[in-house]
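Note sheet for the following structure.
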Amino acid sequence: MPEITADLLDRFSLKKYADPETISRGELYYKEGRVVSTELDGEVYSFKVIGSDQSYLVHIRRPTEDQLSFTCTCPHARRVAICKHIVASVLTLKDKLNKKHVSPWQDRLNNVLEYPLHQTTSTTNRAKNYVAFFVLDLLDYFYGPEFYLKPYVLRTSQWPLLNDLRQLPASQVNDWLVQHREWESQITTPYQALNPNGCINLSPEAVSFFNFMIDQDRYDTRFEKYIKYLPLMRSLGFLIFFEGDSDKLEQRLFIQSEPAEIRGVLSRTDQELQIHSGLKIDDQTLLSTDENFYLLSKDPTYALCGNFILPIANPDGFNISQFFPLSIPLEEEETFLNEYFPGLVEKLPLEGDKIEYQKLEIPPTPRLYLRETKKELLAELRFGYGDYEIPAENSPEPFQTVTTPQSWTITYVKRDLEIENKFYDLLKKATYRLKRSSSQYAYNTFQLRARAHPFDFLMYSVPALTQAGFEIYGEENIKSIKINRNKPKVRLNISSGIDWFDLNVMVEYGDQEIALKEIRKALKKGTKYIKLADDSIGEIPEEWLNKYKHLWGLAEEKQDGYRLSELHLPVLESLLEEPGDIAIPPDLAERQQRLRNFEKIKSQPLPLAFTGELRPYQKAGFDWLHFLREYKFGGILADDMGLGKTIQVLAYLQALKEDTDHKTCTLLVVPKSLLANWQKEGARFTPNLNFLEYMGNTRQKDITIFNDYDIILTTYGTMLRDAALLRSFHFTYIILDESQAIKNPLSQSAKAARLLQADYRLCMTGTPVENNSFELWSQFAFLNPGLLGNLDFFKNEFASPIEGQQDEKAAQLLRSLVYPFILRRTKQQVAPELPPRSERVLYTEMTPRQHKLYNKTREKYRSELLNLIDSSGVNNNRMKILEGLLRLRQIAIHPALVEPDYKGEAPKFELLLETLETLMAENHKALIFSQFIQTLKFLREELDQRKIPYNYLDGKTKNRQEQVDSFQNNPDIPFFLISLKAGGVGLNLTAADYVIHLDPWWNPAVEMQASDRAHRIGQDKPVFIYKLIARDTVEEKILKLQEHKKALVESLITTESSFFKSLSADDVSVLFGD
């Protein structure tokens, strides 16, 4: 690139590229020395030029031999070829190049000599006097006005008259400068720090700040940069002038500290209303903003108005003020008042002779306005302050300006923002199903939450909001959902048949009605509301699902309502409790009373051929059986063991034979162990009843012979094997003794029993429920099919709530359903003459060898089981669990039951033998029960060695009755060894006064039945029951489990589930634990 020379610059004509005014301004900049630095970088000259508001960089190049290239960073240079800064730089470069050529060191020292030195305190005595001030310069660009706050000085060397002012106070010097303007042309821009001692119109502190501003903003004097210093400048007393379009200093400006409010001023003439804008300062001075009103900065907002630089309290008012002054013809005054005045008051404070002001300070009332769009339901929150209403706002002002319609009155409402925020936050709670709306709606708008249904909001949330203090408006405008707020009432018409009731049930919501079965359909879908005929929505009471679920589960649905069996009268009571119009048949109350109160059951005469005698409670049972037959009900005779259930049934069957004209035939199904007992008791009390023992391999399968007998006596096993044959015969009665045999509803025996055909059915058991409520369902599925619904219904509505959740309401309803069909009397109630019975637990300690074997076996099974349970769960390993528990129980009794070669001691056996010897010596008779046949075998061997006589009974015993009679009648036989399952039921062994349980069983009902062989009617001695338990073994844990099961024996319905059914991994860990 060629070098720039003085000759080239001389030949270059500035007039060819710049207008005269630009050249003139550039020459002035050159003379004022505003080109403050020159640098040569290769072939490019760079210049720094101090402009009117900031500094700019100019670059000059010589791209070719005959051309020069210029650039400048000022805005003007973008629109023209050459600006004033380039002109000043060209003239400076000419001077530099026309000077005599000097060496580099000379050029550098010349710059040093030209460098201005800063004055220091050491030059105080030589300081020259000056005045310093600022000028607010207005430059009007095409995009709008720009303001610059420029520092200036006037020196005595430029205006000698300043010397005469040195003795005056600074404020008077400033006043003189304002009044005398001849000095204006002599002012200069300071580029270096000033000596505070020479300033005659500012304090040293003010000059220090002045120097700070020069140093900080030497090249950028835009007004915005001074905003934060305005309060300080005001306190330091700076003199400020305004320079407008005339390029002359105009009025003096004062900085105002208190914010001014832009207001509208309404006045009236003979012809028009006029609105002017103005600034209210200190609630007194009103400055007109019609002219000379400028916005100096936006954040914070400062304005120039008249002689004041001042902050603005309502920035939006500045833009509004641009529309004033405004004239309104008087004939349009009413239009302005009604249509424009209220809105204008919200935008801009107004004052004037016609305007009246008042202040309102009262608590707000939250109001919710409902509306709907095509997509959703919305709620808008507003607050009522008396007659005025204000929408909820984000960060509102403490006062709200409102107007009164057709009035010039302006009211300032003091908002209680604390209460407003409380209600706003309250709406966001999930309770009310609302949330803050998306940004497309106003701040005071709320939407429904994601999973909230409009019905739930209108039905439940609106009343809750009203309760919380909100006023609700607009619900009547919601077209998509119409709420019927009438409380539903039941209209019931009942008609009766022979053994059933037809129910026509309608539900009324005010003047709208709907069938109850439609309510059921809605509830089955999981909804809590129903659409009515007029398209309104009615609420379904939440409690109806539980209240009527049993009606829906047990009744037969028909086209015009429901048909309910007479068995289900307790279910009907839930409908009768509902408020409403109920029409009932006259015999309903009688039927209800008949099922509720057995005391009024008609007494029946005993049959002539009955040879026994019935106790009073047995006679009541006899009458109850007649009651069941009269109304064709099935029932359970559930008296305690030993209270004579057999004799009651025999007397009834004899009466049935005598009272019936035609031939009757009863199928009596009993455990095999009770066959002989029934035959014996029948022969004793009802000798005229003909028994056919239908069992064994030699039984004759010609069922036509049944008609020749009164009672067909069979076992559960035979019934199951011959189910197909037996179901083809229609019996008068089917009676199941010890009916817990069909307690498992899924068992083949239970299914076979349900298939049998008969006019009447009866169950007999001392323990209708042993383990779980399904046992009750299974028996009633045989007795009164449908009474407790199907198995799934029973599981969901009774079994699971009772056994899993201990739901007493479900248990109570189940009791009420089965109550009429179960007759249960306890010994304490009906046989107070029975001698007392006492229970005692005798503990033994295992020997060290026995204990070692026990621990070894326990650890073996625990390790195996816990691993199996982890991998495949409890259910898949139940047999392994039972196996492990069996082995531990056997070791606790006698280790030889597990290890045949065991030769050591067995403390439990030794305690048993010692006890037996004592009992024999004292002439007592005892029953010894064990679950294990092998245990009884060991005991027989010991008794044989000691030559002690005994009777024996297990499942294989053929001559069962002989064994019983021998023990009962032979005083020389002190003991009866009995297998728990074979002899636990149906035996009368009142000769014994001691009962010994050698090992505990899981179900206490089984042990109770066994003990009741001795403690029953006919016993005249106190009965003592001993339980032999080995300490620190699974036997102790079984005792604890029995405590949980005792409710099964003492109550018809229990909330305890069966042991093995509810066995968990934790239970297994406990049972096999230390």
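The rows are residues; the columns are (1) farther than 17 Å from Asn784 by Cα; (2) outside the structural domain of Val1006 (by TED's automatic domain parsing); (3) of a type in the set (Gly, Ala, Ser).
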residue	(1), (2), (3)
Glu693	yes, yes, no
Gly696	yes, yes, yes
Gln700	yes, yes, no
Ile712	yes, yes, no
Ala724	yes, yes, yes
Tyr733	no, yes, no
Gln740	no, yes, no
Ser747	yes, yes, yes
From the options Pro325, Pro311, Pro315, residue that is touching a Ser or Thr at 6+ places or on another chain (Cβ under 6 Å) and not assigned by TED's automatic domain parsing to the domain that holds Phe133: Pro315
Residue within the range 866-885 that is at pLDDT 85 or above and either of a type in the set (Val, Ile, Thr) or over 49 Å from the mean Cα position of the chain (by Cα) (or both) present: no
Residues that are among the basic types (Lys, Arg) and at pLDDT below 70, drawn from the range 544-561: Lys547, Lys549
Hits in the range 137-147 (condition: surrounded by fewer than 22 Cβ atoms within 10 Å (Cβ to Cβ) and part of a strand (DSSP E or B)): Asp137, Leu138, Leu139, Asp140, Tyr141, Gly144, Pro145, Glu146
Matching residues, the range 54-92, being buried (at least 17 other Cβ atoms within 10 Å of the Cβ), touching a helix residue (DSSP H, G or I) at 6+ places or on another chain (Cβ under 8 Å) and assigned to a helix (DSSP H, G or I): Ala77, Lys84, His85, Ile86, Val87, Ala88, Val90, Leu91, Thr92
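At pLDDT below 95, among the small types (Gly, Ala, Ser) and under 21 Å from Ala781 (Cβ atoms): is that true of Ala638 in this structure?
Details: at pLDDT below 95: yes; among the small types (Gly, Ala, Ser): yes; under 21 Å from Ala781 (Cβ atoms): yes.
It is true that Ala638 is at pLDDT below 95, among the small types (Gly, Ala, Ser) and under 21 Å from Ala781 (Cβ atoms).
Answer yes or no as to whether Phe210 is more than 30 Å from Leu326 (Cα to Cα), touching a strand residue (DSSP E or B) at 6+ places or on another chain (Cβ under 8 Å), outside any helix (DSSP H, G or I) and not acidic (Asp, Glu). Show your work before the answer.
Values: more than 30 Å from Leu326 (Cα to Cα): yes; touching a strand residue (DSSP E or B) at 6+ places or on another chain (Cβ under 8 Å): yes; outside any helix (DSSP H, G or I): no; not acidic (Asp, Glu): yes.
In short, no.
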Answer from Phe209, Phe238 - the residue that is closer than 22 Å to Ser55 by Cα, of a type in the set (Phe, Trp, Tyr) and over 60 Å from the mean Cα position of the chain (by Cα): Phe209
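Kindly indicate which of Ser327, Ser267, Ser297 is surrounded by 18 or more Cβ atoms within 10 Å (Cβ to Cβ) and among the polar types (S, T, N, Q).
On the way: Ser327 fails: surrounded by 18 or more Cβ atoms within 10 Å (Cβ to Cβ); Ser267 fails: surrounded by 18 or more Cβ atoms within 10 Å (Cβ to Cβ).
Ser297 is the lone residue from the list that is surrounded by 18 or more Cβ atoms within 10 Å (Cβ to Cβ) and among the polar types (S, T, N, Q).
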Index of the failed condition, Pro363 passing every other in (1) within 58 Å of the chain's Cα centre (by Cα); (2) in a helix (DSSP H, G or I); (3) more than 30 Å from Phe254 (Cα to Cα): (2)
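Identify all residues within the range 611-661 that are among the polar types (S, T, N, Q) and surrounded by fewer than 20 Cβ atoms within 10 Å (Cβ to Cβ); write none if there are none.
Start the filter on the range 611-661 by keeping residues that are among the polar types (S, T, N, Q), which leaves 611, 618, 646, 648, 654, 660.
The answer is Thr611, Thr660.
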Test: residue in the range 755-773 that is surrounded by fewer than 20 Cβ atoms within 10 Å (Cβ to Cβ) and part of a helix (DSSP H, G or I): yes
Candidate set: the range 946-987, residues that are basic (Lys, Arg) and surrounded by 13 or more Cβ atoms within 10 Å (Cβ to Cβ); chosen: the one farthest from Met920 (Cα to Cα): Lys981
Residues (under 16 Å from Arg234 (Cβ atoms) and either in the same structural domain as Ile227 (by TED's automatic domain parsing) or assigned to a loop (DSSP other than H, G, I, E, B) (or both)) located in the range 295-305: Pro300
Of residues in the range 1027-1037 being part of a helix (DSSP H, G or I) and surrounded by fewer than 21 Cβ atoms within 10 Å (Cβ to Cβ), the one modelled with the lowest pLDDT: Lys1037
Cβ-Cβ under 8 Å pairs, at least 6 apart or on other chains, the range 461-477 side of a type in the set (Ser, Thr, Tyr), far side not in a loop (DSSP other than H, G, I, E, B): Ser461/Thr431; Ser461/Tyr432; Ser461/Leu434; Thr466/Ile472; Tyr473/Arg367; Tyr473/Leu368; Tyr473/Tyr369; Tyr473/Leu370
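The values are calculated or read from the model by the stated rules, or taken from the named source; none is laboratory data. Remember, it's a predicted structure, so these values are computed and weren't measured experimentally. Methodologically, a virtual Cβ is constructed for each residue, glycine included, from the backbone with ideal geometry; neighbour enumeration extends over all protein chains shown.
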